[in-house]
Amino acid sequence: MTHFGKFIIFKWVSSNFVGSNKTRLSSIVSLFNIAENPRFYSTKRIVQTENGESISPVSRTEAQAALLEYLYFTRNIQFTDAENMSKNSPHFLEKLLAKVDMDADIGQSITRFLCFHPINEFEPFFESLGLKPHDYNPLLPRDLMFLCDDGLLLENYHVLCNYGIARSKIGKIYKEATEVFGYDYGVLALKLKAYEELGLSQSFMIKLVVCSPYLLIGEVNADFIKVLEILRKQGVEISRIEEHLSEKSSYDWSKLLSLLNLFGHAGYNEEQLGGLISQHLGIFFEDSVDRIYLLIGFLLKFGSTMNQICSMFLQFPQMKFEEFFSNLRNCFLFLNEIRMEAREIQNIFCSDPLMLGSCRLKKPNTLRLALHAADKRMCEVIQENPQVLKKWVMGSKVERLQNLILKSRMLKTKFLLDLGIVDDSNEIGKALKVFRGSGAKIQERFDCIVEAGFSRKDVCGMIKASPHILNQTKDVLEKKIDFLLNNVGYPVSYLITFPSYLNYTTQRVELRLAMYNWLKDQGKSLHMLSLSSVISLSDKKFINEYVNSHPRGPQIWQNLKKEIYAE
C-alpha cells in the first residue's frame with residue numbers, strides 16, 4: 001500500500017473514531033501491516049524485551065502502529081518520517097515495550113503510556129537512519145527531546161531524502177559529518193549542485209555522499225577534484241568509478257591522492273600509471289588505501305625497492321586487495337611459526353611477493369602432518385624452491401615431502417649437467433646447495449642473462465665464477481644489467497670479466513661511484529681503480545682508504561648515502 005493510501009485511511013479513521021474508539025486505530029493499522037506481508041507468521045521469530053518477556057510478531061506490529069499513531073497524530077511529524085521511525089527502530093521499540101503491560105492490549109497500553117510519558121524523539125529518529133544505540137547515544141542533543149525543535153536537522157534530512165539517498169544510509173552521514181545537518185536553508189542543496197557541475201551524475205553523488213560524507217563540509221574538496229583529474233586523464237570514466245564505490249566503505253580522498261602521487265613519483269611513467277589504474281581500479285576503492293601503505297612499508301622494510309614494488313603492482317593478480325594482503329600476512333606468520341631465519345624470510349618476500357599474496361596457505365600443523373616433516377625440513381624445502389608454497393594452499397592435495405624433493409632435485413640436476421656447469425656427478429650435491437629455486441626458475445634466470453647479449457658458453461663461465469648470480473629473480477637481473485649500461489656506462493661484455501657485479505645492489509654501486517668521483521673532483525690523487533675494485537671492497541676498507549682521505553669525506557659519504565638509499 002502506498003504512503004498516500006495510508007494517509008487517506010488515517011484521515012478517515014481519525015475523523016470517524018473519537019474518544020475511546022480512537023484507541024482502535026492501532027488495531028486497524030496492524031491489519032494493513034499484516035496484509036502487506038502474507039508470509040508473516042512463517043518467517044518472523046519471537047524476540048524478547050530487555051526484561052526477558054517474549055514479543056510476538058503481532059505484538060510488535062501493534063506496537064509499531066501505536067508509535068506511528070503517536071508520532072503522526074500527536075506529535076505532527078510528517079507521515080513518511082513517522083512511519084520510518086516506527087518501523088525501523090527495533091531497539092527503541094523493545095525498550096518501549098518493556099515499560100508497558102505485555103498481557104494487556106499492546107496498542108492501548110503504548111498509547112496510554114505515551115500520553116503521560118513523552119519520548120525523546122531523537123532516539124527512534126537516529127535509529128531509523130541506520131544507527132545503533134551505541135552510535136547515536138553520544139549524538140543525542142542534551143537539551144532537546146522533540147524533533148520539531150531542530151528545524152535545520154529536519155530540513156537537511158529532507159534534502160538528502162528528496163535527493164534520493166536511502167533513509168537507512170543517512171545515519172552514516174550524520175555520524176561522520178554532523179555539521180551538515182546544521183546548514184541553513186538551501187545551503188546543502190547548493191553544495192550538492194556544486195559537485196554535479198563537475199560532471200557528476202546524481203546516482204554517482206548519492207553513492208559519493210554516503211561513502212564520503214565529509215565532502216559536504218566546506219568548499220568543493222580539492223583532493224577529490226585532483227583524484228578525478230588524474231583518473232580522467234588516464235581514461236577512466238565516471239561510471240567505472242561509480243561501479244567500484246561502496247556505500248559500506250569510507251574513503252579518504254587525500255590519502256588516495258597521496259598514493260597516486262607516490263606511484264607517479266616512484267618510477268611509473270604516464271603509460272604505466274594509466275595501465276595500473278585501468279587494470280586494477282578496484283584496489284583503490286576497496287577501502288584498502290591504508291593497507292596498500294602498510295604493504296609498501298612492509299616490503300620496504302624487507303629490503304624491496306620502490307621500483308620492485310611498482311613492478312609488483314603492475315602485475316597484480318585479478319583478486320581483491322583485501323584477500324591478497326591477508327594471504328601475504330598469513331604467509332609471513334606461517335614462515336615465522338616454522339622458525340625460518342629472518343634473512344631467508346626477507347629473501348622470499350623480496351623475490352616473489354605476488355606468489356605469496358596469491359597463496360592461501362594451509363595451517364602449519366596441517367602441513368606438518370601431511371608432509372611428514374618437521375619445521376626445519378619445511379624451511380629447507382621452501383628456501384630451495386619457494387614456489388612449492390603454491391602446492392600447499394587450501395583445497396589442494398599435499399604430497400609427502402620426499403616426493404617433492406626428488407622431483408625438484410632431478411630437474412635442477414638435469415639443468416646443471418646439460419649446461420656443463422658441473423662436470424662431475426660428485427659435485428652435484430654441492431651445486432644443489434648453492435643454486436636456490438626450482439629448475440624452471442634457474443633456467444629462466446639463465447636465459448635472461450643470455451638474452452642480454454651473451455653466448456651460452458659465456459654465461460656458463462660467468463656462473464662458474466660467481467654461482468650466486470642465479471639466485472636472483474629475472475626482474476632484478478634485468479634491472480642490474482640495465483643500470484650497468486645506462487647509468488654506469490659500461491658495456492654488457494664487462495660482466496664476463498666481473499660477473500660478481502650482479503651480486504651487488506644498484507644503490508651500492510651508485511654510492512661507491514658517486515663518492516669516488518667526488519674525491520677525484522676535489523683533486524684528490526687516487527689510484528685508478530676498476531669498477532670491480534670500487535664496489536667489491538668492504539665498507540670498512542673503502543671508508544678507511546678513500547672516504548676518510550678527505551676532511552669532508554665522511555659528511556659527503558653520509559649525505560650521498562641518505563640521498564641514494566632514500567630514492
If we sort 320-333, 347-360 on the protection proxy, mean other Cβ atoms within 10 Å, highest first, what's the order?
-> 347-360, 320-333
Label Glu451 and Ser530 with points 7 Å out from Cα along Cα→Cβ: what is the distance between them in nm?
-> 3.0
If you plug each phi of the range 301-317 into the Karplus form 6.51 cos²θ - 1.76 cosθ + 1.60 with θ = phi - 60°, what whole-Hz ³J(HN,Hα) values come out, in order, with x for Gly and Pro?
-> 5, 7, x, 6, 8, 5, 4, 5, 5, 4, 4, 4, 5, 5, 9, 4, x
Roughly what would the spin-label model give for Gln522 and Glu229, points 7 Å off Cα along C-beta, in nm?
-> 4.4
For Lys99, counting only lysines whose alpha-carbon sits under 25 Å away and dropping same-chain residues fewer than eight positions off, the answer is Lys22, Lys44, Lys87, Lys132
Largest-first ellipsoid semi-axes for the range 63-181, taking √(5λ) over the Cα gyration tensor eigenvalues, angstrom | 25, 14, 13
Quick one: length gained pulling Ser396 to Arg508 fully straight, 0.36 nm per residue minus the C-alpha distance?
-> 36.1 nm
Calculated from backbone phi, Karplus (6.51, -1.76, 1.60) coupling profile of the range 237-249 in Hz, x at Gly/Pro | 6, 4, 4, 5, 4, 4, 4, 8, 5, 10, 5, 7, 9
For the range 352-394, fraction of C-alpha pairs farther apart than 18 Å, in % = 20
Using only protein heavy atoms and a 1.4 Å probe, report how much of Trp518 is accessible, in Å² to the nearest 10.
-> 40
Beta carbons within 10 angstrom, averaged per residue: use that to sort the peptides 66-73, 192-199, 459-466, highest first.
-> 66-73, 459-466, 192-199
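Rule-of-thumb check for the range 475-567: C-alpha Rg over 2.2 N^0.38 Å?
Numbers: Rg = 13.4 Å, N = 93, 2.2 N^0.38 = 12.3 Å.
Working it through for the range 475-567, the quotient is 1.09.
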Taking R0 as 41 Å, what's the FRET efficiency between Cys148 and His244 from their Cβ-Cβ distance, rounded to 0.05?
-> 0.50
What ³J(HN,Hα) values, in whole Hz, does the Karplus curve 6.51 cos²θ - 1.76 cosθ + 1.60 give for the range 550-565 when θ = phi - 60°, with x put for Gly and Pro?
-> 10, x, 8, x, x, 5, 4, 4, 5, 5, 5, 4, 5, 5, 5, 6
Starting from the exponent 0.38 and prefactor 2.2 Å, build the expected Rg for the range 200-244 from its residue count and divide its actual Cα Rg by it.
-> 1.14
Given labels modelled 7 Å from the Cα in the Cβ direction, how far is it in nm from Ser493 to Gln555?
-> 4.4
Over 19 Å between Cα atoms, which of Lys362/Lys390; Lys412/Lys474; Lys226/Lys301 qualify?
-> Lys226/Lys301
The Cα extents of the range 267-409 along the principal axes, largest first and rounded to whole Å, are 49, 29, 26
Quote to one decimal, in nm, the extra length available between Ala465 and Asn486 on full extension: 0.36 nm per residue of separation minus the C-alpha distance between them.
-> 5.1 nm
Return the long-range amide H neighbours of Ile55 (sequence gap of 5 or more, or a different chain), with a cut-off of under 5 Å between placed amide H atoms.
-> Val47, Gln48, Thr49
Under 11 Å from the Ala194 label point (7 Å along Cα→beta-carbon), backbone N, the range 217-245 = 217-222
Listed highest first by mean packing, meaning other Cβ atoms within 10 Å per residue, what order do 171-182, 485-496 come in?
-> 171-182, 485-496
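The values are calculated or read from the model by the stated rules, or taken from the named source; none is laboratory data. Here the structure is a predicted model, which means the values were calculated and not measured. So basically every Cβ, Gly included, is an ideal-geometry build from the backbone, and we count neighbours across all protein chains shown. These accessible areas exclude ligands, DNA and RNA; they are computed on the full protein's heavy atoms, side chains included. Shrake-Rupley method; radii C 1.70, N 1.55, O 1.52, S 1.80 Å.
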